Amino acid sequence: MVSNAILRQVAKRNKILIDNPDSERKFHKNPTPLTGGIGISIGIIFSGIFLFFITQNDIDISYTSSGLLQSIEEASNSEKTKIHEINLSDGQTIKVSIIDNDRFLMTLPDGKKQVYEITSSESSESILKKEIKTNSIPITDFSIGLIAFTILIQLVMIIDDLWSIKERNKLIIQAICVLGLILFSDVYITNLGNLLGFGEIQLGIFGIPFTIFCIVGMMNAFNYIDGLNGLCASFSLVCLTSIIAIVNAFNSPNLLVLILPAGAIVGFLMYNLGIFGDQRNVFLGDNGSQALGFLCLWILVYFSQFDDYGFSPVTALWLVAILFMDAVRVLSTRIISGLRGANIFKAKRDHIHHKLQDYGFSNEFVYSGLILSAGSLSAFGIFLNRIFQESHYYSFYAFLILWICFHIIVNKIPKNV
């Protein structure tokens, strides 16, 4: 909140990063600063400093690619490694992955992970020795790369907010940033889960272009939905809080960092939704919506690709359901019109929030309805994720039915105004 208060004043005083209303954008009347995304980034950075240096959590840089964690993840996610499940009397389950002859990774029901080493004592009895401290927050190649490339995306999009970059050039820059993080961290979509009911779908090396296509496409979906106060940031907040719920982040200190972007978004929404008054509004700008999209999508990719978190890949679709379905619907209709000579990159009022506004619903009703729907769909996706932990196709076919219904219903909304 403090960073947004300062940045909006700087923007207005120097007349930079200001969004002026025009005939195509009727949801605001006064020139408004586009500094919300920068404010969120500053909020994440400062709250991160507080988390790392004021609390008792340790930073462990041994978790980078040359350290222990990656070897554990590679071993526990190897096709040759079987995850053994131990059913407890209370119905909960402990997962055990064999790393090598002397070590194994244990995932407790609350999501906490411990690596144990089997050693021999003088009495020749095997004992278990804990290798990783539970209060360590790991610094991995992925976390370093995610921070660096998110900042890079935001810097490029600040230039876009200031002077405008051609759409094709933005797509190229986005693709380069996604590829950069893939090469830096070696994290990308390799497994789609058991989507069709015939076994898990492994993408192998083809997962790299698939990941680039998905993340670039959905980054723009986050950007395009930012046509109404609070929508993009609230969709991001729903996504992040749902991830926190799935991976039990509050019970795992090394996942506690997930609360940082969620908290920073709440601070931004205080201004964006006009809680402090309409004269103090702040917008995300392209720099904010693109950075939030990049951050949320990569966190989804990361957790959905490691079995230890119990996060099936199809569940990620439920957490961004409205964004995904609306983006695909708009893209398909624009491609059809593009075949007739229309410019598919030209801004139009064809997204779901535009259609609901044009039908006559108020901005408050549209915002509340879409966010409540997003939260409900995320909750339903989490429910399916927990009920059908191995049978992902139930969740996928349910999503297909929802997708078809959404496409038909939204396309039939008429214009009343």
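The values are calculated or read from the model by the stated rules, or taken from the named source; none is laboratory data. Being a predicted model, the structure only gives us computed values, none of them experimental. We place every Cβ from the backbone using ideal geometry, glycine too, and count neighbours over all the protein chains shown. We work out accessible area using only protein heavy atoms, side chains counted, and drop any ligands, DNA or RNA first. Shrake-Rupley method; radii C 1.70, N 1.55, O 1.52, S 1.80 Å.
Any residue at all in the range 235-248 that is more than 27 Å from I352 (Cα to Cα), in contact (Cβ under 8 Å) with a residue 12 or more places away in the chain, surrounded by fewer than 19 Cβ atoms within 10 Å (Cβ to Cβ) and more than 17 Å from the chain's Cα centre (by Cα)?
no
May I ask you to list the residues in the range 370-405 that are buried (at least 16 other Cβ atoms within 10 Å of the Cβ) and more than 21 Å from L196 (Cβ to Cβ)?
If the condition is that a residue be buried (at least 16 other Cβ atoms within 10 Å of the Cβ) and more than 21 Å from L196 (Cβ to Cβ), then L370, I371, A374, G375, L377, S378, I382 are the ones that fit.
Which residues, counting only those in the range 179-202, are without any contact (Cβ under 8 Å) to a residue 60 or more places away in the chain and closer than 20 Å to L319 by Cβ?
I201
Hey, could you check the range 209-222 for residues that are open to solvent by less than 20 Å² (accessible area, probe 1.4 Å) and of a type outside the set (A, V, I, L, M, F, W, C) and say which is modelled with the lowest pLDDT?
N220
Out of the residues in the range 249-273 that are of a type in the set (A, V, I, L, M) and more than 14 Å from the chain's Cα centre (by Cα), which is surrounded by the most Cβ atoms within 10 Å (Cβ to Cβ)?
So the residue we want is A264.
Restricting the search to the range 274-301, which residues are aromatic (F, W, Y) and surrounded by fewer than 21 Cβ atoms within 10 Å (Cβ to Cβ)?
Listed by number, the list holds a single entry, F276.
Quick one: in the range 242-300, which of the residues that are aromatic (F, W, Y) and out of contact with any strand residue (DSSP E or B) (no Cβ under 7 Å at 6 or more places or on another chain) is modelled with the lowest pLDDT?
Residue satisfying both the conditions and the ranking: F250.
Please specify each residue of the range 332-366 satisfying the condition of being touching a residue at least 40 places away in the same chain (Cβ under 8 Å) and surrounded by 15 or more Cβ atoms within 10 Å (Cβ to Cβ).
Residues satisfying the conditions are T333, H351, I352, H353, H354, K355, L356, Q357, D358, N363, V366.
Within the set of pairs 6 or more residues apart or between chains, which connect a residue that is more than 15 Å from N287 (Cβ to Cβ) inside the range 221-233 to a residue that is among the small types (G, A, S) and modelled with pLDDT of 95 or more with Cβ atoms less than 8 Å apart?
From residues that are more than 15 Å from N287 (Cβ to Cβ), the pairs are A221/G293; I225/S289.
Considering each residue of the range 141-170, count those that are more than 18 Å from F222 (Cβ to Cβ) and surrounded by 21 or more Cβ atoms within 10 Å (Cβ to Cβ), and give that number.
The number of residues fulfilling the criteria is 1.
What helices (runs of 4 or more DSSP H) lie completely within the range 1-110 and have 1 or more residues being at pLDDT 80 or above and not basic (K, R)?
Fully inside the range 1-110 and qualifying: 2-14, 36-54.
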